[in-house]
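A short worksheet on the structure shown next.
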Amino acid sequence: MGAAVEKSLHEIGNGVFAYTQLPGSWGWSNAGLITDGAESLLVDTLFDEKITAEMLATMRRATPAAKRIDRVVNTHGNGDHCYGNSLVADAQIIGTVGCLEDLRESPASRNRLLMRAGRVVRALGPAARVIGRVLDAVGIHKLSHLAEASELALPLFEQFDFSCETVLPNRTFRDELKLKVGDKEVVLMELGPAHTSGDAVVWIPGDKTLFTGDILFKDAHPVVWQGPVSNWITGLHQLLQMDIETIVPGHGPLTDKSGLREILHYLEVLSGEARKRYNAGMTVEEAIIDIRLSEFDRWLDAERMYTNVHTLYRDFRGDNTQPDVLAMFAGMSRMRKRMRKHN
Ligand SMILES: [Zn+2]
């Protein structure tokens, strides 16, 4: 069983709502609803059908405009923002080209298979470690990675049901897309690649409100899967220039521009720390063990630093290949264990 999750719908005002699942650790994302008159635009679905249905029911109780969801925006292609799409499959579902590609690469069925494989490996116990070491010796690391990744991922993700069919966006865009919801102007702006290969934010200029997707994690370490980190930093500077008062992050409580400044500071500090060690010739694994981010100690999910430093090292090398997600989860699992030992 995971920790308790507090789910709530917040009326931001003027027909705009935010749905939060706090504190917002792995898989527990936020979403939004933008309405004007009878028209509606849903910003993201959730990690499975059950929690998405629960959210839609809450929205329907709050406003008649939620009875029929006309359009959906997926801010990016991670499952915790898209796997509930099957419940709104009749709607126009909008995402960046990168969002579509990421989701096509990692549909819910893939998570389901990985979870099943993880449970098999867990049941094998010490035998899996022995076989893993034999395979490692001939350069096949998948089993070791799966065994380690499962220790972190199974308890986190067993709370979700990945049996849903993955419904992909049916309308894509690049850079920017302007929409009207009733008379309300809504601007979708692509800032990625950063967190993933196609991150978009949803801005309502008239209401000074921004839904960031996972360009912003509040009170948690962000996870930089794709990078380059410099792109994410540029995007945050761009958002800080805009006329915005209320910000709905991808995970964590509602905030304002201070939330953007915090994550900007984190990315700048971590980039500097990683760069120093890269220039000094440290390996990425040595750098991860050496870096201390004590000023962010109160933030959730500190193990994400593992993935973030790997992404920074790829940035420094000018390597824009995709991250090995299984290897990253294995490394984050090791890091979480190490942190437990030190605390
Ligand atoms: Zn997310």
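The values are calculated or read from the model by the stated rules, or taken from the named source; none is laboratory data. If you're wondering where the values come from, they're calculated on a predicted model, not measured in any experiment. So basically every Cβ, Gly included, is an ideal-geometry build from the backbone, and we count neighbours across all protein chains shown. Accessible surface areas use protein heavy atoms only, side chains included; no ligands, DNA or RNA. Shrake-Rupley method; radii C 1.70, N 1.55, O 1.52, S 1.80 Å.
For the chain, the longest principal axis of the C-alpha atoms and the axis of helix 325-342 are separated by about 70°. Each Lys and Arg adds +1 at its Cβ and each Asp and Glu adds -1 at its Cβ; summed about the Cα centre, the chain shows a dipole of about 1040 debye. Relative protection proxy for 123-131, 193-201, from highest mean packing down: 193-201, 123-131 (other beta-carbon atoms within 10 angstrom). Taking a ≥ b ≥ c as the square roots of the eigenvalues of the Cα gyration tensor, the range 40-117 is oblate, since a/c reaches 1.5 or more and a/b is not larger than b/c.
Cross-link check: pairs K67/K180; K7/K180; K7/K67 evaluated at a Cα-Cα cut-off of 24 Å; pairs beyond the cut-off: K7/K180. Residues in the range 305-318 carry Karplus couplings, in order, of 4, 4, 5, 5, 6, 4, 5, 4, 4, 5, 4, 4, 7, x Hz; the curve used is 6.51 cos²θ - 1.76 cosθ + 1.60 with θ = phi - 60°, and Gly or Pro positions show x. Close amide H pairs (under 5 Å, H built 1.01 Å from N) link V73 with L42, V43, D44, I94, residues at least 5 positions away or on another chain. Residues in the range 60-67 carry Karplus couplings, in order, of 5, 5, 7, 8, x, 5, 7, 4 Hz; the curve used is 6.51 cos²θ - 1.76 cosθ + 1.60 with θ = phi - 60°, and Gly or Pro positions show x.
Give me the distance between the Cα centres of the range 255-308 and the range 10-41, rounded to whole Å. Here the answer is 29 Å between Cα centres.
Within the chain, DSSP assigns beta bridges of which about 70% are antiparallel (rounded to the nearest 5). For the range 116-214, averaging the sequence separation of C-alpha pairs within contact (under 8 Å, six or more residues apart) and dividing by the residue count gives a relative contact order of 14 percent. Relative to the globular-protein estimate of 2.2 N^0.38 Å, the Cα radius of gyration of the chain stands at 0.98. With contacts taken as Cα pairs under 8 Å and at least 6 residues apart, the chain reaches a relative contact order of 17 percent.
Amide H to amide H distances under 5 Å link I12 with F17, A18, where only residues 5 or more positions off or on other chains count and H is placed in the peptide plane. Taking the C-alpha atoms only, the angle from helix 229-240 to the longest principal axis of the chain is near 30 degrees. Report note on the peptides 89-98, 108-117: ranked by the mean count of other C-beta atoms within 10 Å, highest first, their order is 89-98, 108-117.
Annotation: amide H-H contacts under 5 Å for A220 (H modelled 1.01 Å from N, sequence separation of 5 or more, or interchain): L300. Using only side-chain charges placed at the Cβ, +1 for Lys and Arg and -1 for Asp and Glu, the dipole size of the range 23-114 relative to its Cα centre rounds to 260 debye.
Placing unit charges on the Cβ atoms of the charged side chains and taking the dipole of the range 1-141 about its Cα centre, the candidate lying farthest along the positive direction among G24, A128, A62 is A128. Computed log10 I(q)/I(0) for the range 210-258 at 0.13, 0.15, 0.18, 0.27 Å⁻¹: -0.28, -0.37, -0.54, -1.14, from the Debye equation with unit scatterers placed on every C-alpha and solvent omitted. Taking every protein chain into account, the 1.4 Å probe leaves K257 with about 40 Å² of accessible area, to the nearest ten. Here the Karplus relation 6.51 cos²θ - 1.76 cosθ + 1.60, evaluated at θ = phi - 60°, turns the backbone of the range 131-142 into coupling constants of 4, x, 5, 4, 5, 3, 4, 9, x, 9, 9, 4 Hz, with x for every Gly and Pro.
Full extension of the chain between H342 and K67 yields a length gain of 94.0 nm, computed as 0.36 nm times the residue separation minus the alpha carbon distance.
The residues Y278, Y313, sorted by heavy-atom accessible surface at 1.4 Å with ligands and nucleic acids left out, run Y278, Y313 from largest to smallest. Taking a sphere under 15 Å around the Cβ of G206 and counting the other residues whose Cβ falls inside, with K and R at +1 and D and E at -1, yields a net charge of -3. Ellipticity at 222 nm from helices only: DSSP H runs of n ≥ 4 in the chain, each -39500 (n - 2.57), divided by the residue count, give -13500 deg cm²/dmol. Using only Cα coordinates, the Kirkwood hydrodynamic radius of the range 192-343 works out to 15.9 Å.
The Cα atoms of the range 94-209 give a gyration tensor whose axes a ≥ b ≥ c have a/c of 1.5 or more with a/b greater than b/c, which makes the shape prolate. Of D70, D290, the order by accessible heavy-atom surface (1.4 Å probe, DNA, RNA and ligands excluded), from most exposed downward, is D290, D70. Annotation: lysines with alpha-carbon distance below 18 angstrom to K178 (same-chain offsets under eight excluded): K208. Taken over the C-alpha atoms, the range 17-156 has Rg and Dmax values of 18.9, 63 angstrom. Protein heavy-atom accessible surface, 1.4 Å probe, per residue over the chain: 44 Å². For the chain, the residue among F329, T212, P169 whose Cα projects farthest onto the positive side of the dipole built from Cβ charges is F329. For C164, neighbours were defined as the other residues whose beta-carbon sits under 11 Å from its Cβ, and their charges (Lys and Arg +1, Asp and Glu -1) total -2.
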